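Read the structure below first, then the notes.
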Amino acid sequence: MKLLRDTWLIFQRQMLLVLRNPVWVVIGILQPLYFLLLFGPLLKDALNAPTTADAYRFFVPGLLVMLAMFGSMFVGFGLIAELRAGVIERSRVTPVSRLALMLGRSLRDVATLIVQAALITVLAIPFGLTVRVGDVLLAYLMLGLIGVMLSAASNALALKLRSEDALAPLMNGVAQPLLLLSGILLPLTGWVATVADFNPFSWAVDASRALFAGDPGDSSVWQALLILGTLTVLTLFWSARSFARSVR
Amino acid sequence: MIETKGLRKSFRSRQGRETKTVEAVRGVDLYVGEGEIFGFLGPNGAGKTTTLRMLATLIEPDGGEATIAGADLRRDPGEVRRRIGYVAQGGSTWDEVSAREELVLHARMYGIGKADAQRRAVRALEAFQLTEFADRKCKTYSGGQRRRVDIALGVIHDPKVVFLDEPTTGLDPQSRAHMWDEIRRLRSEGVTVFVTTHYLEEADALCDRLAIMDYGEIVAEGTPDELKREVAGDVVTVGLNGSTPEAAQLLDSEAYVNKLETVEGGLRLYVDQGATAIPQILRKIDGAGIHLGTIELHRPSLDDVFLEKTGRSLRES
Ligand SMILES: Nc1ncnc2c1ncn2[C@@H]1O[C@H](COP(=O)(O)OP(=O)(O)OP(=O)(O)O)[C@@H](O)[C@H]1O
Ligand SMILES: [Mg+2]
């Protein structure tokens, strides 16, 4: 109960800050928006897709996974700013739940993410994207898992590194290969596809595509949910421990 | 209210390729009574903040024990957190929210209900003279205003003990005086205040008792007056026009004179308590028919204490 109450408390404050300065929500959606408008039109020919709609049905699900990845991987920077301002230390002298300090922030990232994802989905409709509501919601659930996991990981690393100068190269170094090895931009083939089997986000992209194709029973869907769910739980444990222990 | 035994903490930090161990706090024994303003005086890097952070459950001590407001620091840090307030040296507010919002959130993090938290915020804003700009964003506050918000946050839940890490650093003299009043007000409400400072005058004027810390150790502890007396008692300078040797002979045999020095134009007497020594000196000199020019009483300052205990002047360090 205390955990729920405290999480809600932190979440409320964090959402207040997001709403007070929503520019970051917009900036977060710019990249996928550019991809949607400037990269999407190339795909029909590049993929030999029968129609533009087919190309978008292939592309948008991956784009949403990219949004979830990039939107959550860099939230640690905000935490570093909070650490520097003394806000985290101030929270840590109160009896507030340590797990709530982390969960409240991760839920903020999920809430932002779902709004962004809904925007991108709606903007893709004029290009011929069609999808069932139930399938979309399941896809968003998967995006939420990615959001919680990466946001928790980013925050845990931020607590460890405590400097933007250390966090930025690390995150960029990890983000690019994860993106390229997920098959978001083009279908994966050859040895790259083999390597990508070890990338959980590549599984997420496959599942997302199955859902947007109207095939929620596809094995990729439960596999991705299982993989992401397990990783999310593990990351939450790790991150919660960092929040409880973080010294200095 | 606060009792510590052998509190220790060292940090390992990397400098280039080698790791160095800094013994920040090396066995601190303290006793702070209920309702006291207890001062912690020491130069930069003495270990004041590290000690406070240990007592506030923010870092785990390497060794030693402490009981704070009846709760054991090691066994029950959660209870310690509920009973104390802590105001960090570096500030604790977020730019984009107002003092009121910060106060309400902070109270709620202590488990206080929404309506009660709002009432407490109103009261705290008034007590710390923040009402006027309570709903402006913190980034628009002056340094002193923002510092007052920090203190208000530290006591929003009516703690029994509050730790204030340099509450007055960076404040102008007027704001500092205000802050002292606020700290005294806390004491009058029964709060035990543990405050660190670099300022001798502050320690002197504000604190009921204080400890001087240097290189991670307590080098002196007592009331400001005790500490000053411990150094050399008081100093009385007697200005004489001639007859200095006679006066010296006369006074040297007096029990209350610890030490006597002949200086230019008179004598310098080291006594335990100037206030009682002066009338006796006057009587003695007058009785012998020696003409007295001037008489002056110097109290040793905390700086003299610091000099004696650490071999350095705090003003220079
Ligand atoms: N997290 C840390 N890592 C490494 N060294 C540290 C850490 N925190 C403090 N120290 C070192 O411990 C010593 C004591 O620091 P502390 O902050 O307690 O001093 P202080 O008395 O509060 O000084 P000031 O008056 O400057 O605030 C210093 O030498 C400092 O460099
Ligand atoms: Mg300090």
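Sort out which residues of the stretch B:112-146 are within 13 Å of chain A (Cβ to nearest Cβ) and either crowded, with 18+ Cβ neighbours inside 10 Å or assigned to a helix (DSSP H, G or I) (or both), and write them in order of number.
B:112, B:114, B:117, B:138, B:139, B:146
For the stretch A:109-116, state whether one or more residues are within 14 Å of another protein chain (Cβ to nearest Cβ) and under 19 Å from residue A:8 (Cα atoms). Give the derivation first.
Applying the first criterion (within 14 Å of another protein chain (Cβ to nearest Cβ)) to the stretch A:109-116 yields none.
No, the conditions are met nowhere in the stretch A:109-116.
Where the second residue is aliphatic (A, V, I, L, M) and open to solvent by less than 10 Å² (accessible area, probe 1.4 Å) and the first is under 24 Å from residue B:192 (Cα atoms) and free of Cβ contacts under 8 Å to residues at least 12 places away in the same chain and lies in the stretch B:83-101, which pairs have Cβ atoms under 9 Å and are six or more apart or on separate chains?
The qualifying pairs do not exist here.
List every residue pair whose Cβ atoms sit under 6 Å apart, with the two residues 6 or more apart in sequence or on different chains, where the first one lies in the stretch B:30-44 and is away from every other protein chain (no Cβ under 14 Å) and the second, anywhere, is within 16 Å of ligand 1 (Cβ to nearest atom) and among the small types (Gly, Ala, Ser).
B:39/B:203; B:40/B:211; B:41/B:203; B:43/B:317
Kindly list the number of the only condition in (1) closer than 17 Å to residue A:238 by Cβ; (2) under 20 Å from the mean Cα position of the chain (by Cα); (3) among the small types (Gly, Ala, Ser) that fails for residue A:118.
So the condition that residue A:118 fails would be (1).
Output the qualifying pairs, or none if there are none: Cβ atoms under 6 angstrom, residues six or more apart or on different chains, first residue in the stretch B:163-176 and within 14 Å of chain A (Cβ to nearest Cβ), second residue within 11 Å of ligand 2 (Cβ to nearest atom) and modelled with pLDDT of 85 or more.
Cβ pairs passing all conditions: B:163/B:52; B:165/B:49; B:165/B:52; B:165/B:88; B:165/B:89; B:165/B:196; B:166/B:89; B:166/B:196.
From (1) crowded, with 17+ Cβ neighbours inside 10 Å; (2) within 16 Å of ligand 1 (Cβ to nearest atom); (3) within 14 Å of chain A (Cβ to nearest Cβ); (4) without any contact (Cβ under 8 Å) to a residue 60 or more places away in the chain, pick out the condition that doesn't hold for residue B:7.
Checking residue B:7 against (1) crowded, with 17+ Cβ neighbours inside 10 Å; (2) within 16 Å of ligand 1 (Cβ to nearest atom); (3) within 14 Å of chain A (Cβ to nearest Cβ); (4) without any contact (Cβ under 8 Å) to a residue 60 or more places away in the chain, the one that fails is (3).
Give the residue that is farthest from residue A:77 (Cα to Cα), with candidates limited to residues of the stretch A:186-208 that are open to solvent by 40 Å² or more (accessible area, probe 1.4 Å) and in contact (Cβ under 8 Å) with a residue 60 or more places away in the chain.
Among those that are open to solvent by 40 Å² or more (accessible area, probe 1.4 Å) and in contact (Cβ under 8 Å) with a residue 60 or more places away in the chain, it is A:187.
Would you confirm whether any residue within the stretch B:165-185 is outside any loop (DSSP other than H, G, I, E, B), surrounded by fewer than 22 Cβ atoms within 10 Å (Cβ to Cβ) and of a type in the set (Asp, Glu)?
Scanning the stretch B:165-185, I find at least one residue that is outside any loop (DSSP other than H, G, I, E, B), surrounded by fewer than 22 Cβ atoms within 10 Å (Cβ to Cβ) and of a type in the set (Asp, Glu), so the answer is yes.
The values are calculated or read from the model by the stated rules, or taken from the named source; none is laboratory data. This one's a predicted model, so the numbers in the text were calculated from it and none came from an experiment. We place every Cβ from the backbone using ideal geometry, glycine too, and count neighbours over all the protein chains shown. The accessibility values were calculated without ligands, DNA or RNA, using every heavy atom of the protein model including side chains. Shrake-Rupley method; radii C 1.70, N 1.55, O 1.52, S 1.80 Å.
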